[in-house]
Each structure stands twice: as structure tokens, then as C-alpha cells.
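*Asks:* Please see the structure below; I have some questions.
The values are calculated or read from the model by the stated rules, or taken from the named source; none is laboratory data. Note that the coordinates shown come from a computational prediction; the quantities given were computed from them, not determined experimentally. Here the Cβ is made from the backbone with ideal geometry for all residues, glycine too, and neighbour counts use every protein chain on show. Heads up: the accessible areas ignore ligands, DNA and RNA and are worked out on the full protein's heavy atoms, side chains in. Shrake-Rupley method; radii C 1.70, N 1.55, O 1.52, S 1.80 Å.
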Amino acid sequence: MEAVENPREGDDEFYDVTLAATWSVSSAKLGNGVLQLLDDDETTCWQSDGSTPHVISATFPHRVLIQEVRVLVNHDMDESYTPARVGLWVLSGMDFESVGEIVELDQPKGWVHMQMTPVVGVFSLQVAILANHQNGRDSHVRGIKVLGCVQGESLPSHSSIAFSKASVIR
């Protein structure tokens, strides 16, 4: 997984699958929950309530090919509430697994892109905030986006019986 700050040109080639998921958070301050996380308004945010790790979870109704997860943060506005270490886990079969190293953020401002190479087919994903700047307790995340794969991309072919059983939820 590679983390890149701020949006790129050419986002037309991605499919935004954010609203296809059912979202939940590990905790939230009153008035700063999932709705504020998904409202596309940079002036509002989800604010966790409690000790780290803080978790944002998305569950899809079927397996979805994911290319990238983006998290909107702003160190200038949020200071110690800004995530400093973020991990991404996906449920692509029977168990959650890490899709890359933990991402270290240094006073980020804007969209942080967590790119998945290769494309990953997932049923569910979790973004875990493991630490904040200045050892802050609660976190602020101003937005989140989940983007599907580039047109024409597909998962590698797997033909094992175990893979076939894990690729469908009944």
C-alpha cells in the first residue's frame, strides 16, 4: 500500500463505491458521527470518543474491487486530533488481513490516498487510526472515499476450491 497526499488529475477512471457500503465507527462524539464523515463537507468531521485505536468500518452488500481508499484530514485545523498512523485492513475471504504497511502521516492537509496494488476484492474494510499527532486522544476525519478499480482492471484468476468458497457470501 502506498500513501499519497492530495488528489490527482484523472479521477474519471475510478468508480466511487463509498455510498454502496454500510458505514460504522468505533465511537463518536454527539453530532460528529458517520453522517459528518460522508457529507462531502470539509468543515464537518467525524470525531472519535475514547482511546486509540479508532476504527472506521465499511461493509459492502457484495464483493467489490477496490483500487484506493482516501481519507480527508487537515492538521492546520485539527492539530492533535489529526491522525499520525493509519492502517487499512480488508475482508476478502474469511479473515481480516492487512493490505500494506502502517502509513505514517506528517502534518497532512488534504486527501491521503491509500492505494492498493494489486486491486483487492473485498466484502468489508476497516481504516484504523493507531495514533494521532502530539499524542492526541480523539481523532478528526473530515471525509472518506472508497474507489473501485480502473476500467478494464480485474483480479488475478484463482481457481482453488478454498478461494471459490470464500468468494461468495450466502
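*Asks:* Suppose we filter the range 47-79 for residues that are open to solvent by 20 Å² or more (accessible area, probe 1.4 Å) and either free of Cβ contacts under 8 Å to residues at least 12 places away in the same chain or aliphatic (A, V, I, L, M) (or both); how many remain?
*Replies:* 3
*Asks:* With the condition kept exactly as written, say whether any residue in the range 93-103 is at pLDDT below 90, farther than 20 Å from PHE14 by Cβ, open to solvent by 90 Å² or more (accessible area, probe 1.4 Å) and more than 15 Å from the chain's Cα centre (by Cα).
*Replies:* Yes; the residues of the range 93-103 include at least one that is at pLDDT below 90, farther than 20 Å from PHE14 by Cβ, open to solvent by 90 Å² or more (accessible area, probe 1.4 Å) and more than 15 Å from the chain's Cα centre (by Cα).
*Asks:* What tally of residues in the range 106-117 results from selecting those that are in a strand (DSSP E or B) and either in contact with a Cys (Cβ under 8 Å, 6 or more places away or on another chain) or open to solvent by less than 10 Å² (accessible area, probe 1.4 Å) (or both)?
*Replies:* Residues meeting the conditions: 4.
*Asks:* Under the condition of being open to solvent by 20 Å² or more (accessible area, probe 1.4 Å) and under 22 Å from the mean Cα position of the chain (by Cα), which residue from the range 146-165 is modelled with the highest pLDDT?
*Replies:* VAL150
*Asks:* If you don't mind, another one. I'd like the residue in the range 118-145 that is among the small types (Gly, Ala, Ser) and touching a Pro at 6+ places or on another chain (Cβ under 8 Å) and, out of all such residues, is most open to solvent (accessible area, probe 1.4 Å).
*Replies:* In this case the residue turns out to be ALA131.
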